[in-house]
Amino acid sequence: MRDVVVIGAGLHRYGMFPDRTSIEMGTEAISSALKDAGMAWKDIEAAYCGTVQPGVSGGHAICNSMGCTGLGITLVENASASGSSAFREAYLSVASGENDIVLAFGVDKLGSQLQVAPPVSGQPLKKQENVAPPEPEPSRQGQEQDERVDVKFRKVLPVQYFADLARHYMKEYGVTREQLGQVSVKSHFNASLNPYAHFQKPCTLEQANNARMVVDPLTVLHCCPMDDGAAAVVVCAKEMARKFTDKPCPTVAASVNRSTPPDGDFFVTLTRLASREACDKAGIGPEDLDLIELHDAFTIEEIIYLEALGLCPTGQGGKLVEDGVTAITGKHPVNTSGGLISMGHPVGPTGVGQVAEILWQMRGQCGYRQIPKRVDYALAHMVGAGGVCLIHVFKR
């Protein structure tokens, strides 16, 4: 396997764009990625499109709009990890020697198809509340905590499952609503500095915790939106990068794709196993990570994944957030992009957008949200319903 680097990235802002097509958003992101890489469309030898929506040959329509060059095009669907899976396939294509320059991109238009809820009078950040998911039925109380995760998850809506998990962590480990809210506050602050983020207004702890309740203890500001967007990155063989750019190009130090483990827990256990494997392959420990972009569809997820990644013992993830460890200026910045909660979660593009943020942070191109210290190692984490976890580790 040869060394592979990320050489360019481009995004179409995440949000609600009912007047824009998937082709328009996808070609915008791809064109920006090519410009960032110093390449032309004809240089791309293969493309992998992460998506859950456009239908038959949706990725082909986008690529063909860029120009018909005969390149290989493959669509990848893997739930929330679709974009991350597309990136892994692009990486493997180059690492194996099959191709030298490959595009990974993601596109979906989920938000524009949702029925917009009416504003809630007197509540903060009405823009976000207007795109909140409909309020589900209350989750079942008294579920046994030792029920297999894969079984329990199929019985309820995702927000119900994670609200139940949040209540469990509050009872068993002392996680507080303030700590949950602080994840949202950090997320919205980071997104307010990101021109590609869906939500670009910071919020206070009071606003986060007093917003409209979805399922106790998760308010609408504790939950990610469903939105539209596109993201693209270009990877190439390391020895070829200097032909196109003199910018720093991080190397893919590890790429791991794993599914539901024997205990059925495709969130915590799966993240723990996949991240341990990825860090071992990269030759680092979690303490070496200077940036983490992780799956935070709900605030409790950031807390449990901090623990699963090995950054702290079980039950201490909330304290990491409370102590500022995960802030842009902290020891282990998490979701400098704004994460799923605030940057957005259009699904297909989400994992590719994480890689874009890591590339730009490693290059020092993130402006006001730039991590002040040198970023030598970064990790991207995505899980997907059905039981999948993708971990990518990058080194400067």
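The values are calculated or read from the model by the stated rules, or taken from the named source; none is laboratory data. Worth saying up front: this structure is predicted, and the values here are computed from it rather than measured. Every residue, glycine among them, receives a Cβ derived from its backbone with ideal geometry; neighbour counts consider all protein chains shown.
Structure summary
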read-out: Count of residues meeting criterion [aliphatic (A, V, I, L, M) and more than 22 Å from Ala254 (Cα to Cα)] in the stretch 289-303; value: 3
read-out: Residues being buried (at least 24 other Cβ atoms within 10 Å of the Cβ) and touching a Cys at 6+ places or on another chain (Cβ under 6 Å) - total across the stretch 282-305; value: 1
read-out: Helices (runs of 4 or more DSSP H) within the stretch 1-111 that include 1 or more residues charged (D, E, K, R), in contact with a strand residue (DSSP E or B) (Cβ under 9 Å, 6 or more places away or on another chain) and under 24 Å from Met240 (Cβ atoms); value: 22-37, 82-95
read-out: Of all residues making up the stretch 247-281, the number that are within 18 Å of the chain's Cα centre (by Cα) and either among the aromatic types (Phe, Trp, Tyr) or surrounded by fewer than 16 Cβ atoms within 10 Å (Cβ to Cβ) (or both); value: 3
read-out: Subset of the stretch 262-292 (residues that are outside any loop (DSSP other than H, G, I, E, B) and β-branched (Val, Ile, Thr)); value: Val268, Thr269, Thr271, Ile292
read-out: For Glu239: the one exception among (1) over 26 Å from Leu110 (Cα atoms); (2) in contact with a Gly (Cβ under 7 Å, 6 or more places away or on another chain); (3) surrounded by fewer than 19 Cβ atoms within 10 Å (Cβ to Cβ); value: (2)
read-out: Meets criteria (under 21 Å from Pro225 (Cβ atoms), modelled with pLDDT of 95 or more and of a type in the set (Gly, Ala, Ser)) for Ala274; value: no
read-out: Pairs where the first residue, in the stretch 233-261, is closer than 20 Å to Ala47 by Cα and at pLDDT 95 or above and the second is surrounded by 19 or more Cβ atoms within 10 Å (Cβ to Cβ) and polar (S, T, N, Q), C-beta under 7 Å, 6+ apart; value: Asn257/Ser85
read-out: Sole residue being within 30 Å of Gly264 (Cα to Cα) and out of contact with any Phe, Trp or Tyr (no Cβ under 8 Å at 6 or more places or on another chain), chosen from His392, His332; value: His332
read-out: Residue list for the stretch 206-236, filter: surrounded by fewer than 24 Cβ atoms within 10 Å (Cβ to Cβ), of a type outside the set (A, V, I, L, M) and in a loop (DSSP other than H, G, I, E, B); value: Arg212, Asp216, Pro217
read-out: When residues of the stretch 332-387 are limited to those that are of a type in the set (S, T, N, Q) and surrounded by fewer than 24 Cβ atoms within 10 Å (Cβ to Cβ), the one nearest to Pro202 (Cα to Cα); value: Gln370
read-out: Single condition Asn78 does not satisfy, out of (1) within 22 Å of the chain's Cα centre (by Cα); (2) surrounded by fewer than 18 Cβ atoms within 10 Å (Cβ to Cβ); value: (2)
read-out: Elements of type helices (runs of 4 or more DSSP H) contained in the stretch 146-192, each with 2 or more residues being surrounded by 17 or more Cβ atoms within 10 Å (Cβ to Cβ) and either small (Gly, Ala, Ser) or at positive phi (or both); value: 158-173, 177-191
read-out: Residue among Ile73, Ile30 that is closer than 25 Å to Cys249 by Cα, of a type in the set (A, V, I, L, M, F, W, C), within 22 Å of the chain's Cα centre (by Cα) and surrounded by 16 or more Cβ atoms within 10 Å (Cβ to Cβ); value: Ile30
